[in-house]
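Heads up: the structure comes next, in C-alpha cells.
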C-alpha cells in the first residue's frame, strides 16, 4: 500500500527510543485502543458469521458477495474524506469520531429487523459509513498525541488493542451461536450492546486533540493541494496499486472452509488465529517499522499476504499446515500494514490538515480494495476460486515488483 517516503516519516526520535517500549505512548492512545477493542468485538461478531450466512444460508453468489464486499470498502471511502474535512475545519476530532461510532452501534440494532440479503447489505453499508466517518479522526487523534519518533509504536499499541477485539469477537459469536436458540438474532443483540459501551468509553475517557502550534487558516486548502506533498502522493499511488490485488480475508476464509470442509458452526473461529497473530505482532512490528523503515515493513506485510494465497493454492496436505499457516500469514499482513501506513503518513502532514491527509490516503486504499473485491468475485464466478486466487496472487507479485523497482521505497528509508 505504501512506500515510506520521507525521513520525517521514518526517522526515530532519540528521546523516545531511549524509553521503554510503551512508556512513550500517551494515555489517549490506550483509551482509543479500548474504544476500538469494544467496537471490534461488536463488529467481528457480525463479520465472523456473515460470509457463510450470506453465501451458504441465503444463496448469494460469489459475484454478488464480491460486490457487497466492494460496497463495504467503497462506502467508507468518501465518508473518510468528509470526516477528515469536518474534523480539520472544526477541530472536533473526538466529536466526529464519536458520531461514526454511534452510527455503527445503531446499525447493529437495525440488523435485528432486516430479513433479506440486500436489506442486510444496506444496513452493513450504513455501518461502513460510520466506520468511514470515524477512522481518519481517530487516527489523527493518535498521530497528534504521539511524538514523531514513536508513531509506529503508538499505532502498534492501538492496533494491538483493536485486534484484541477482533480476537474476542469471533469467539463471542461462536459462543452465542452455540448456546442460543435464535443464534443470529442473539449475535446481533450482544453486538449492539458492546458497540454502545464503546461509545460510552469514548465519551468519558478520550481527550480532545491538542490545538495545532500554528494558527489555522480561515479557509482550508482543497484536497488536491495535499497531493502536492510528494510523500503523501507516493503513498496514495502505492496504496492504490497494491490495494487492487489485496484479496479480502472473507474470501480467503471461505476458500479455507471449502478446502477443509469445515462445519458451518466452526466458521466463526477461522479469524481467531489471524487476530491472535495480529495482536502479538502489532507492537513489535510497529517498533520495527520505526527503526528500519515503514516502507520496508509495509511491503513485507504484502509478501505475507502473498504467502497466504500461495498456501491455499499449493497441493499441501489438508489440516494443520493450512489451519495454522493461512491465519498466521494474514495476521502478519495486518500487523505490518494497517497502522504502519498511518504512521508513515502522519509526520508528513501539518497538524491542521492531518485528518484530511490521512483520509485522502485511506480513501485511495478503500477505493482500490473495493474494485479489487468486485474483480475477485467476478473472477471466482467466471473461472472458479482457484483460478481467481492465482490471478490475484500473480497481480500482487507483479505490483510488489513494480513498487520496489520504481525506487520510491528507497527514497524514504533511513540511512
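Suppose each label sits 7 Å from its Cα in the direction of the beta carbon; what would the residue 106-residue 397 distance come out to in nanometres?
Distance between the two pseudo-spin positions: 4.8 nm.
Could you please rank 104, 119, 370, placing first whichever residue has the fewest other Cβ atoms within 10 Å of its Cβ?
On the way: 104 25, 119 13, 370 22.
Ascending number of Cβ neighbours within 10 Å: 119, 370, 104.
Under a crude label model (7 Å from the Cα following the beta-carbon direction), how far is residue 89 from residue 378 in nanometres?
3.5
Could you check the simple spin-label distance between residue 230 and residue 185, using points 7 Å along Cα→Cβ, in nm with one decimal?
With each label placed 7 Å out from Cα toward Cβ, I get 6.1 nm.
Test of understanding: what is the full-extension gain from residue 115 to residue 291, defined as 0.36 nm times their sequence separation minus their Cα-Cα distance?
Working: separation 176, 0.36 × 176 = 63.36 nm, distance 5.00 nm.
The residue 115-residue 291 span can extend by a further 58.4 nm.
Which order do 131, 94 fall in if you start with the one that has the fewest other Cβ atoms within 10 Å? Walk me through the intermediate numbers first.
Details: 131 23, 94 20.
Arranged by neighbour count, lowest to highest, 131, 94 become 94, 131.
How big, on average over all directions, is the shadow cast by the Cα convex hull of the stretch 293-369, in nm²? Kindly include the intermediate steps, with their values, before the conclusion.
Numbers: hull surface 23.0 nm².
Averaged projected area of the stretch 293-369's Cα convex hull equals 5.8 nm².
Tell me, rounded to the nearest percent, the portion of alpha carbon pairs in the stretch 89-187 spaced more than 17 Å apart.
66
In what sequence do 153, 85 fall when counting other Cβ within 10 Å, fewest first? Working shown, then result.
On the way: 153 30, 85 20.
Neighbour counts put them in this order, fewest first: 85, 153.
Peptides 341-351, 356-366, 168-178: what's the order by average Cβ count within 10 Å, highest mean first?
Values: 341-351: 24.9, 356-366: 27.4, 168-178: 20.5.
Taking the mean over residues of other Cβ atoms within 10 Å, the ranking is 356-366, 341-351, 168-178.
Bear in mind that the values in this text are calculations on the coordinates, not laboratory data. Remember, predicted model here, so these are calculated numbers, not experimental data. All Cβ positions, glycine included, derive from the backbone under ideal geometry; neighbour counts span all protein chains shown.
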